[in-house]
Amino acid sequence: MNIPNFFKAGILFSIVAVFISGCGGSGTGQSGVSANAQGYTDNAWTTITPINGARAGMSSCSYQDNIYIFGGTDFHTTVEMLDIATNTWYTRTPLTTPRRYGSACAVIQDKIYVIGGYKDLSSTNLYLNNVEVYSPDSDSWSTASPMNLARANHSSAVVNGKIYVFGGRNQDLHISQSDVVEEYNPATDTWTIVSTMPIAHHSMAITELNDKIYLFGGYNSAGASNLVYEYTPQNNSWDMKAFMPTARSGLTASIIKGKIYVAGGSVGGMDSMKTLEIYNPVSDSWQAGNDMPTAREYHVANTYNNKIYMIAGRTTVAYDGDIASVEVYDPAKDGNQDEQ
């Protein structure tokens, strides 16, 4: 691992979930509103139809031409689908396990895997290791083998047809931050612990590019993090990359044309951020983007046709700060970007 020892000691100061699909538009539709008819636009950002109810901490994946949202605060079993072509939200078959907060999801072929998270706060054994498998084409659910470690606020990515799950937390087991990395092989329906993170984190942003997995920020024992790691599953290697300019957790990462767009988040005890920062893996460098119109943390982000859809989340650290808004970012119209 190409990581200095003092980072592993956990003394770092804190300067410090996609893909898209279609279900043919069936389901219970809410009246769609054209993106061009909605309020905020500043060239790079446009506001479109909000999701049907404010929430945070949900997971989201995309398949073909639709975006899917799973669970979230006060929407424990709810599944909703955004038909991007018509800008309309539809209700789909609900989850069988309540996932109030902090699950992760991943797409392999024509299936979406919804992984872990935690249930209603009144529950015992709050943290989940179970995995539900959603088929968008049939709008139906099945199950897969559970993870070895129950957890929430973990992060997942897919490389070469396998799912990798990183970090998270499990207060049932008194684990404030986990360093465990598990790999899921759908061909054998098995989970294997394959690595440990250099520093345990939860609430990281994650994305995959060129068979490498990039993890951004999150929360570790020192607080909100600005660390960036590149993990290569093929040889189980970790490399530390250039620090993210703004430390934060509860953020998202999205790829367009080889650049990674890291958005939102917060520092513990402070309200959410509008911050958008852009990472170039080739030059291992950062630049500022055109910030989001709405500050948000524990939101979800999906990429479609070289645009990023920022959905719901929370604007304040108070649990009554959930929002429903959806904002779409077009990097081609962001005048803040420079060629790197």
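For the reader, a short list of remarks on this structure follows.
- Condition met for Val79 (at pLDDT below 50, buried (at least 20 other Cβ atoms within 10 Å of the Cβ) and in contact with a Leu (Cβ under 8 Å, 6 or more places away or on another chain)): no
- Selection from segment 312-336 of residues that are surrounded by 17 or more Cβ atoms within 10 Å (Cβ to Cβ), closer than 16 Å to Leu276 by Cβ and at pLDDT below 95: Thr315, Asp334
- Filtered residues of segment 119-156 (kept if charged (D, E, K, R) and either buried (at least 22 other Cβ atoms within 10 Å of the Cβ) or on the phi > 0 side of the Ramachandran plot (or both)): Asp139, Arg151
- When segment 107-116 is filtered for residues that are over 15 Å from Pro146 (Cβ atoms) and crowded, with 23+ Cβ neighbours inside 10 Å, only Ile112 remains.
- Taking the criterion of being under 15 Å from the mean Cα position of the chain (by Cα) and not in a loop (DSSP other than H, G, I, E, B), the residues of segment 64-75 that qualify are Ile67, Tyr68, Ile69, Phe70.
- Any chance Thr275 is of a type in the set (Val, Ile, Thr) and surrounded by fewer than 20 Cβ atoms within 10 Å (Cβ to Cβ): no
- Residue in segment 254-262 that is under 26 Å from Val181 (Cβ atoms), buried (at least 23 other Cβ atoms within 10 Å of the Cβ) and of a type outside the set (S, T, N, Q) present: yes
- Residue in segment 96-105 that is at pLDDT 95 or above and surrounded by fewer than 24 Cβ atoms within 10 Å (Cβ to Cβ) present: no
- Among the residues of segment 76-129, those identified as part of a strand (DSSP E or B) and within 22 Å of Ser176 (Cβ to Cβ) are Tyr101, Ala104, Ile115, Gly116, Gly117, Tyr118, Tyr127, Leu128, Asn129.
- Odd one out for Ile115, checked against (1) under 18 Å from the mean Cα position of the chain (by Cα); (2) more than 28 Å from Tyr279 (Cα to Cα): (2)
- Boolean, Glu297 is of a type in the set (Asp, Glu) and surrounded by 20 or more Cβ atoms within 10 Å (Cβ to Cβ): yes
- Test: residue in segment 215-231 that is in contact with a Ser or Thr (Cβ under 8 Å, 6 or more places away or on another chain), within 23 Å of Gln64 (Cβ to Cβ) and surrounded by 23 or more Cβ atoms within 10 Å (Cβ to Cβ): no
The values are calculated or read from the model by the stated rules, or taken from the named source; none is laboratory data. As the structure is a prediction and not an experimental result, all values here were calculated from the model. All Cβ positions, glycine included, derive from the backbone under ideal geometry; neighbour counts span all protein chains shown.
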